[in-house]
Each structure stands twice: as C-alpha cells, then as structure tokens.
1. If only one of Leu28, Leu50 is modelled with pLDDT of 90 or more and part of a helix (DSSP H, G or I), which one is it?
2. Any residue at all in the range 188-198 that's away from the ligand (no atom under 16 Å from the Cβ), open to solvent by 10 Å² or more (accessible area, probe 1.4 Å) and of a type in the set (Phe, Trp, Tyr)?
3. Taking Gln272 as the residue in question, decide whether it is closer than 19 Å to Lys224 by Cα and open to solvent by 10 Å² or more (accessible area, probe 1.4 Å).
4. Filter the range 241-265 for residues that are more than 21 Å from Ala187 (Cβ to Cβ), within 16 Å of the ligand (Cβ to nearest atom) and outside any strand (DSSP E or B) and give the result.
5. Would a scan of the range 34-47 turn up a residue that is of a type in the set (Asp, Glu) and either within 20 Å of the chain's Cα centre (by Cα) or open to solvent by 60 Å² or more (accessible area, probe 1.4 Å) (or both)?
6. Report every pair of residues separated by at least 6 positions or lying on different chains whose Cβ atoms are under 7 Å apart, first residue within the range 348-376 and open to solvent by less than 10 Å² (accessible area, probe 1.4 Å), second more than 16 Å from the ligand (Cβ to nearest atom) and not in a helix (DSSP H, G or I).
7. Condition first: of a type in the set (Ser, Thr, Tyr) and either outside any loop (DSSP other than H, G, I, E, B) or more than 24 Å from Val56 (Cβ to Cβ) (or both). Now tell me which residues in the range 137-192 satisfy that.
8. Restricting to the range 156-184, name every residue that is under 18 Å from Ala349 (Cβ atoms) and open to solvent by 40 Å² or more (accessible area, probe 1.4 Å).
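The values are calculated or read from the model by the stated rules, or taken from the named source; none is laboratory data. Computed from a predicted model, the values in this text were never measured in an experiment. Backbone-built Cβ (ideal geometry, glycine too); neighbour counts: all protein chains shown. Each accessible area value is taken on the protein alone, full model and side chains, heavy atoms only, with ligands, DNA and RNA left out. Shrake-Rupley method; radii C 1.70, N 1.55, O 1.52, S 1.80 Å.
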Amino acid sequence: MSMLESARAQLDSIRDRIDISDETWKILDTPKASLEVSIPVRRTNGSLDLYKGYRVHHNDSLGPAKGGIRFHPSVTIVEAQALAFLMTFKCSLLGLPYGGAKGGVQVDPKELDKHELHSLSRGYISAFYNFIGPDIDIPAPDVYTNEMVMGWMVDQYEKIARSKAPGALTGKPLSRGGSLGRDDATARGAYYIICEMVKEMGKKPPEVTIAVQGFGNAGYNIAKLLFMDGFKIVALSDSKGGTFTSSDSLIPDAIMDAKQQLGIVAEMYCEQSICDAVEENIISNEELLEMDVDILIPAAIENQINMDNVDRIKARMIVELANGPISAEAHIALSDRGVTVVPDILANAGGVVVSYFEWLQNRSSYYWSIERVHEELRERMLVAYHDLKGVQKRHDVDLRAAAYIRSTRRLAASIEAGGTKEFFERK
Ligand code: NAD
C-alpha cells in the first residue's frame with residue numbers, strides 16, 4: 001500500500017461512523033490541485049541539471065493551504081498528494097484556519113554543494129510563485145530542508161513580489177521573521193502528549209523506555225526533551241543505522257556530537273583528540289523498530305512499520321512523529337493487539353501549530369516570548385488530545401479513527417455550508 005492508499009484507507013475506515021454527504025467524501029478524497037515543474041540548477045562543474053519539483057493543494061476549505069517542502073530522492077507527486085492529504089486533516093484536527101498542502105523536490109541534497117542547494121531553493125519559489133503566498137499556500141520545512149532554506153525561499157518570494165511578505169513561508173530564521181520555539185515545535189508538541197499519557201498511566205519518566213528512529217529535527221529534539229525529563233532513551237538511529245544502550249539512557253547531545261564528528265549515530269569514545277564509535281552498541285534501523293520498549297517513536301520517513309515487520313513490533317505504545325510511518329494494514333494489526341498508536345496528524349502537529357503562531361506574528365508584526373509560544377502550544381496539543389479521547393470513548397474506536405472523525409466533521413461543516421445535493425434538490 002502506498003502512503004496515499006494508506007491515508008485514504010484510514011479515512012474510509014470511519015465512513016459509516018459519521019453522517020456526511022457522498023459529495024463531501026469525494027471532495028475530501030481528491031487533491032484540489034497538483035503541479036509538477038522542472039527546476040534548472042547550474043552545477044558548480046558548469047553542467048545544467050533539471051530537478052522535478054512538486055506542490056499539491058489537497059483542500060483549502062478551512063483557509064490557505066499549509067505544508068512543508070521536502071528535498072529527498074524518493075519525492076513523487078503521489079507522495080506529495082499523500083502528505084498534503086495528512087496536512088488537511090491535521091490542520092482541521094488542531095482547529096487551525098488552514099487547509100493542507102505539501103511539496104518537494106526529487107533530489108539527493110547530499111549530492112549538492114551549498115551554492116547548488118541555494119540555487120535549487122530559489123528555483124523552487126520562482127517555479128511555484130503563482131501557486132503559493134501568505135493567503136494561498138504557506139510552505140514550511142520538512143525532511144532535508146531547514147530554516148536557512150526557508151530564509152532563502154522567503155527572500156526569493158519577496159524579490160519576485162517586490163514587497164516584504166514574511167508570512168509567505170514559515171520555519172524561517174529568527175532574523176527573517178521566524179518565531180521563537182519553531183525549531184523544536186514538532187517534537188515539543190509530541191512531548192506534551194507523551195508526558196500527559198505517561199501521567200495517566202501512573203508512571204514516572206525513569207520507568208519508561210523509549211526508542212527513536214530518525215535523528216534529524218524531529219527525532220533529535222524529542223529525544224532531548226524526553227531525556228531532560230528523565231525518560232530512558234535506549235536507542236537512536238538515522239538513515240545510516242543507530243546505537244542502543246542496555247544500561248541507563250543514551251545522552252542525545254553526546255550522540256549529536258558523535259554524529260557531527262563521525263557522521264554516524266553512535267556512542268563515541270575518545271583517546272586524547274582521536275574519537276571512534278563504540279561498535280558493540282551499534283544496531284540497524286530494523287532492529288531498533290523491533291526493540292522491546294514502552295514507547296517507540298518513528299521520526300524519520302513513511303511506511304517503516306508494515307506487514308513485513310508488524311508481527312515483530314514489541315513496543316506498547318507508538319508515537320508517530322514522522323508522517324505515515326505505519327501502513328494502514330499494519331495499523332489494524334497493531335490496534336487488534338492493543339498497541340496504542342498516537343497518530344501522526346496529532347503527534348507531529350506541533351510544527352504546524354507553531355508555524356501558525358509564526359504566521360500570526362508576521363501578520364501583526366508583534367513577536368511573542370518563548371514562554372507564550374510554549375504555553376499556547378501546550379494548550380492546543382492537550383485540548384486536541386483530550387478532545388480525541390472523548391471521541392474515542394463515544395465511538396469506541398482507536399485514537400487514529402477518533403482523529404479522523406473529529407477532523408472530518410470540521411471539514412465537512414465548512415464544505416457543506418455551501419449547500420449539499422439535498423439543499424439544491426429541495427424546491
Ligand atoms: P530531518 O531531515 O531533519 O531528519 C530526518 C532524519 O531521518 C535524519 O536523521 C535521517 O538520517 C533520518 N532518516 C532518513 N531516512 C531514514 C531511514 N530510512 N531510516 C532511518 N532514519 C532515516 O527531517 P525532520 O524534519 O526531522 O522530519 C522527520 C519526519 O517528521 C518526517 O516524516 C516529516 O514529514 C515529519 N515532520 C516534520 C516536521 C518538522 O517541523 N520538521 C513537522 C511535521 C512532521
């Protein structure tokens with residue numbers, strides 16, 4: 001199952017639980033607009049390469065579309081459609097005045113030097129200028145794009161617009177209209193929910209073991225926040241593999257130092273100025289996913305837990321910090337086994353919530369303190385979580401189904417306010 005098929009299957013699974021029109025289902029099941037472009041980049045060696053770029057608006061009935069830009073070799077229009085689909089439901093679930101969008105470039109950014117990456121980032125905005133904007137579609141960072149890329153992109157947007165428009169993109173550097181707290185917002189949103197759930201279980205952080213797959217923005221920050229609270233981080237990994245500990249906890253900042261020095265996620269030992277990885281503690285991504293832990297946090301890419309490995313997953317709870325890390329079929333198997341899954345459209349919504357705060361700050365030119373950002377993020381995440389638990393109880397479903405029921409209702413109310421078949425048929 002592709003991620004798009006999985007997302008559609010998850011929506012379909014709640015179809016007989018809520019009363020909305022067939023037309024609304026059709027609208028929610030179909031992307032509003034998908035655009036594909038070729039972006040020329042003059043390489044440092046003099047040659048010209050063309051990169052495929054995509055942008056998808058899934059639905060904008062609740063407001064301008066919102067979603068990240070991903071630079072990755074596996075980006076396709078279908079992947080962008082799936083991620084835009086998730087954004088539509090995520091923004092609705094969190095009560096944001098946004099629709100869903102997503103985009104990306106099919107490129108391995110590690111093969112580009114800084115000048116080429118800069119040129120590609122500006123080229124993306126030139127190509128999609130008429131498709132984006134502060135009241136149309138507001139991009140943000142995603143896999144292998146960061147605040148510097150957002151800074152280049154907003155600068156390019158403003159050059160073409162010939163006016164300042166900081167609200168055209170979010171996730172920007174602070175000095176270019178970014179928000180305090182946007183850097184770790186995705187992880188922090190999930191952190192608030194994990195702390196609440198652990199409290200409800202009557203457990204203390206040092207009694208909870210956690211494995212995190214992916215050690216980028218989302219994965220590193222969640223590991224760091226949980227570690228600082230006393231949770232036991234027993235395994236971490238990135239695309240090249242990972243490390244584990246069978247004693248106390250890994251120290252995320254020390255692992256980040258190792259990643260920066262050695263290029264891999266590993267524990268490091270140093271003799272004078274020479275450092276090397278502790279080889280006995282190395283594990284593969286497959287092994288990490290199958291570890292016997294209280295909480296597994298996939299924070300890398302999609303479809304990591306699927307029908308090939310679901311029977312070997314031992315975690316009691318899975319928090320989907322990545323988008324779409326569990327296939328729809330695997331989700332059913334986990335749910336049947338009683339594994340609690342905190343769905344992506346809730347778990348990783350902290351990023352878009354603080355992007356919304358950034359956009360509000362840009363529009364009012366009034367900038368918030370870090371305390372205000374954290375407090376408002378915490379409140380939104382916990383309100384959404386408790387709301388979902390209410391829906392879950394009333395409908396006797398898992399958290400993912402509850403999330404789709406809640407978000408679909410809000411979207412349907414907006415779509416159907418324009419009139420339904422029954423309304424137009426009535427004399
Ligand atoms: P990132 O580029 O900062 O980090 C991605 C990490 O995943 C890197 O450590 C990379 O090595 C690792 N990775 C890539 N392929 C892997 C593989 N096959 N196995 C294991 N690790 C692998 O990206 P990010 O911003 O942290 O995004 C991670 C996930 O979180 C994505 O699914 C993204 O859509 C989702 N997400 C991010 C944000 C955000 O604000 N950054 C918001 C919502 C959702």
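1. Result: Leu28 is the single residue among Leu28, Leu50 that is modelled with pLDDT of 90 or more and part of a helix (DSSP H, G or I).
2. Taking the range 188-198 as the starting set, the residues that turn out to be away from the ligand (no atom under 16 Å from the Cβ) are 195-198.
This time we only want the ones that are open to solvent by 10 Å² or more (accessible area, probe 1.4 Å), so: 195-197.
Subsequent filtering for residues that are of a type in the set (Phe, Trp, Tyr) retains none.
The answer is no; no qualifying residue exists.
3. Working: closer than 19 Å to Lys224 by Cα: no; open to solvent by 10 Å² or more (accessible area, probe 1.4 Å): yes.
Criteria not met by Gln272.
4. Here is the first cut: in the range 241-265, the residues more than 21 Å from Ala187 (Cβ to Cβ) are 241, 246-248, 261-264.
Among the residues that remain, those that are also within 16 Å of the ligand (Cβ to nearest atom) are: 241, 261-264.
Of everything in the range 241-265, those that are more than 21 Å from Ala187 (Cβ to Cβ), within 16 Å of the ligand (Cβ to nearest atom) and outside any strand (DSSP E or B) turn out to be Gln261, Leu262, Gly263, Ile264.
5. Narrowing the range 34-47 to residues of a type in the set (Asp, Glu): 36.
Filter once more, keeping what is either within 20 Å of the chain's Cα centre (by Cα) or open to solvent by 60 Å² or more (accessible area, probe 1.4 Å) (or both): 36.
Yes, the conditions are met somewhere in the range 34-47.
6. Phe357/Trp368; Gln361/Tyr367; Gln361/Trp368
7. Applying the first criterion (of a type in the set (Ser, Thr, Tyr)) to the range 137-192 yields 144-145, 157, 163, 170, 175, 179, 186, 191-192.
Listed by number, the residues that qualify are Tyr157, Ser163, Ser175, Ser179, Thr186, Tyr191, Tyr192.
8. Looking only at the range 156-184, we keep the residues that are under 18 Å from Ala349 (Cβ atoms), and these are 170-171, 179, 181-184.
Asp183 - this is the single residue of the range 156-184 that is under 18 Å from Ala349 (Cβ atoms) and open to solvent by 40 Å² or more (accessible area, probe 1.4 Å).
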